[in-house]
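The values are calculated or read from the model by the stated rules, or taken from the named source; none is laboratory data. None of these values were measured; they are calculated from a predicted model. No Cβ is skipped: glycine too gets one built from the backbone with ideal geometry, and neighbour counts run over all protein chains shown. Quick note on the areas: whole protein, heavy atoms, side chains included, nothing else; ligands and nucleic acids left out. Shrake-Rupley method; radii C 1.70, N 1.55, O 1.52, S 1.80 Å.
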Amino acid sequence: SCGVTPAWKRRGRRLPHVRGISLLSCVLKVYCTSVRPNFAQPWQMKRQQESTSSGFILRDEQIFPARGIIILTNAHSVAHSVTVRVRKHGSPVKHVAKVLHIGHECDVAVLVVEDPAFYDGQENAARGERTERDGHDLGCL
């Protein structure tokens, strides 16, 4: 800890909850190992790089009937990926994820996790709805 207190703690607030769901339960850390192409020498690849980014869980059985739960992250963070792993907030376990779709134009990527253990405790994952809190309209995923 660097000794700096977050603004929400200074104001005496707790972390945001929407209808009893902690929003941190929907936030993930995305670990990516990527190898970019070498356009000057197409027969070779550049060196391997590792990066981290964030993502979040989106649950909607009507749009995604096969799984019901997907992960959204930035496309640039998983571009040219070799391996992608995700970790839930507060968990030390990294699960292998697969890039299902990637849209560089809008910088959005859709990931899925094949491991059923990843979905334990995600029955209450945030759903695509709108709610109101403190008089402000919040778009909750």
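Grab the strands (runs of 3 or more DSSP E) fully contained in the stretch 75-124, keeping just those with 2 or more residues being open to solvent by less than 70 Å² (accessible area, probe 1.4 Å), in contact (Cβ under 8 Å) with a residue 24 or more places away in the chain and over 11 Å from Cys32 (Cα atoms). If you could, list the steps in order and put the result at the bottom.
On the way: elements: 81-88, 94-103, 108-113.
The strands (runs of 3 or more DSSP E) meeting that bar are 81-88, 108-113.
Taking the stretch 27-61 on its own, how many of its residues are of a type in the set (Gly, Ala, Ser), open to solvent by less than 30 Å² (accessible area, probe 1.4 Å) and either over 13 Å from His80 (Cα atoms) or in contact with a helix residue (DSSP H, G or I) (Cβ under 6 Å, 6 or more places away or on another chain) (or both)?
As a first pass, look at the stretch 27-61 and keep what is of a type in the set (Gly, Ala, Ser): 34, 40, 51, 53-55.
Adding the requirement that they be open to solvent by less than 30 Å² (accessible area, probe 1.4 Å) leaves 34, 53, 55.
Retained after the next criterion (residues that are either over 13 Å from His80 (Cα atoms) or in contact with a helix residue (DSSP H, G or I) (Cβ under 6 Å, 6 or more places away or on another chain) (or both)): 53, 55.
Matching residues across the stretch 27-61 total 2.
Being open to solvent by 50 Å² or more (accessible area, probe 1.4 Å), at pLDDT 70 or above, more than 13 Å from the chain's Cα centre (by Cα) and farther than 14 Å from Ser53 by Cα is the requirement here; does His136 meet it?
Values: open to solvent by 50 Å² or more (accessible area, probe 1.4 Å): yes; at pLDDT 70 or above: no; more than 13 Å from the chain's Cα centre (by Cα): yes; farther than 14 Å from Ser53 by Cα: yes.
In short, no.
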